[in-house]
1. Can you pull out the residues in segment 458-486 that are assigned to a helix (DSSP H, G or I) and either more than 42 Å from the chain's Cα centre (by Cα) or over 30 Å from THR406 (Cα atoms) (or both)?
2. Condition check: among the acidic types (Asp, Glu), surrounded by fewer than 22 Cβ atoms within 10 Å (Cβ to Cβ) and either in contact with a Ser or Thr (Cβ under 9 Å, 6 or more places away or on another chain) or not in a helix (DSSP H, G or I) (or both). Does ASP374 satisfy that?
3. What do you reckon, is GLN224 among the polar types (S, T, N, Q), over 30 Å from LYS67 (Cα atoms) and surrounded by fewer than 18 Cβ atoms within 10 Å (Cβ to Cβ)?
4. Starting from segment 23-34, keep only residues that are at positive phi, then list their pairs with residues that are basic (Lys, Arg) and surrounded by fewer than 17 Cβ atoms within 10 Å (Cβ to Cβ) whose Cβ atoms are within a distance under 9 Å, requiring at least 6 positions of separation or different chains.
5. Residue by residue through segment 425-455, note down the ones that are assigned to a loop (DSSP other than H, G, I, E, B), surrounded by fewer than 17 Cβ atoms within 10 Å (Cβ to Cβ) and either of a type in the set (S, T, N, Q) or out of contact with any Ser or Thr (no Cβ under 6 Å at 6 or more places or on another chain) (or both).
6. How about segment 320-329: which of its residues are touching a residue at least 60 places away in the same chain (Cβ under 8 Å) and touching a Ser or Thr at 6+ places or on another chain (Cβ under 9 Å)?
7. Taking the stated definitions as given, is HIS421 more than 22 Å from CYS47 (Cα to Cα), in contact (Cβ under 8 Å) with a residue 40 or more places away in the chain and crowded, with 24+ Cβ neighbours inside 10 Å?
8. Among (1) surrounded by fewer than 23 Cβ atoms within 10 Å (Cβ to Cβ); (2) of a type outside the set (Asp, Glu); (3) free of Cβ contacts under 8 Å to residues at least 40 places away in the same chain, which single condition is TYR341 missing?
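Every number here is computed from the coordinates shown, using simple stated rules; none is lab data. Since the model is a prediction, treat every value here as computed from it, not as a measurement. Cβ coordinates were reconstructed from backbone atoms using ideal geometry, including for glycine residues, and neighbour counts include every protein chain displayed.
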Amino acid sequence: MWAHSMTVQDYQDLIDRGWRRSGKCVYKPIMNQTCCPQYTIRCQALCFQASKSHKKVLKKMLKFISKGDVSKAASEDEPMDSHIEDAVVCDFAYKGESHISQSELTPLSEDHTERVESEEKNAGETKEEVNVQKVESGCPQICTDKDTAVPGEPSRSTKIVHVPPKPGKGADLSKPPCRKAKDIRKERKLQKLLQNQMCTLGGSQLQTEDQVFLLQNSKSKTNQPKTIEDFVFVSLPDDAQHKLEVRVVRSSPPSSQFKATFQESYQVYKRYQMVIHKDPPDKPTINQFTRFLCDSPLEAENAPNGPECGYGSFHQQYWLDGKIIAVGVIDILPYCVSSVYLYYDPDYSFLSLGVYSALREIAFTRQLHEKAPDLCFYYMGFYIHSCPKMRYKGQYRPSDLLCPETYVWTPIERCLPLLEHSKYCRFNQDMKAVDEGRLKELGRVRVLHKRTIMPYSVYKKGRKGPSDEASVQQYASLVGQTCSERMLLFRS
């Protein structure tokens, strides 16, 4: 549907029912009919923990900014927005080729609101062809009969084969366990401190409380995992090679900063579309760029307990040494930051800007949460399990998928086994559960007719010509009762 104007609360409620926007066009996939079901996914930003590969990207950017280090080892052969090692960590069981149709593997060609990087390589390897999987010595090996494997079910012919450790490998039980030098130094320091205390007290024993205090202080503190903020907001040396600045500018209605940087931002978009997505030079026009990524139906809104920048549509610009190298298009809504699209200068592909910008947007969500307590989620658009290129979104944990029938959020760990068995799934396992926001009274749907606002029941009585009840019924059932009573459906 075309949205002329929409409040941020209305759009928040719509995306929580599976809708997304592309410019001013708001759309919802028919989940049980489409070839590649698209499930709304959100990341719990406050609980997010960066994975090993995420930290690699953050460190790579940090080295580049501080030392000018250009490490291309992981950029030429590595997907921009997905990492093969994380696919194993996240327990993603890729489908064999025999279970994926050609339509499932074809990436979406239309201008969508998802960040789909064309450099991503197909990480899905056929698991069914593997008879013996190599593992570390001492760990069990799994032998699977490919002829009896059933998707979503354990194979009955699976055998566990224990491989004994190789000679010379493993711990020598006759020797004390290895310890860190830091812990040894702390223990020696404690012993020395205890001896000094004994001498000071004339050989008398230390008080029990003192001994406990010294022992507690001697224990090495557990290393806390670094957060995104530890990498992003670290103080740089005075002689840093580069300067990176992230600016948030309102795109609709356009702010003065947005207008001043429009041409430069557009040129980055044009290069991105031509190099990354192979668009011909005449396709990424200014009008297309404006309709796709600048126009928005969302009304700008400021609230006392909201973020300082307000709610609505924004461009998050990445400035490197005084020039734009990437732009993240985002919507700031009552409960989330919603990622719309990302484009970047192809010359900086080696920085894995797809991953880096997603991590920065999660950190941005956390910042906004400090001022707006209800804002605590990061929406990544659609997760498409039947398209291996789109599975990278599931690597941002913890995350949830939206049930397409009851519109309740379900942890992705519970959804993946179901999606391995069937492309379309109802995630809510309570078969008695229904859509709480479903349409209950069609007559209360609000319409706009001849510049007059009225309920559909009134409009229906005075309508001339064929009935439009079927289309109004479909609209109201898709947006839900609450939104259908707040939004105005235009009737000519």
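1. Result: VAL458, TYR459, LYS460, LYS461, GLY462.
2. Yes, satisfied.
3. Here the answer is no, as GLN224 does not meet what is asked.
4. Final answer for the pair search is GLY23/ARG291.
5. Passing the criteria: GLN429, ASP430, MET431, LYS432, VAL434, GLU436, ARG438, LYS440, GLU441, LYS450, ARG451.
6. ILE324, VAL327, VAL329, listed by residue number.
7. When the stated conditions are applied, HIS421 does not pass them.
8. (3)
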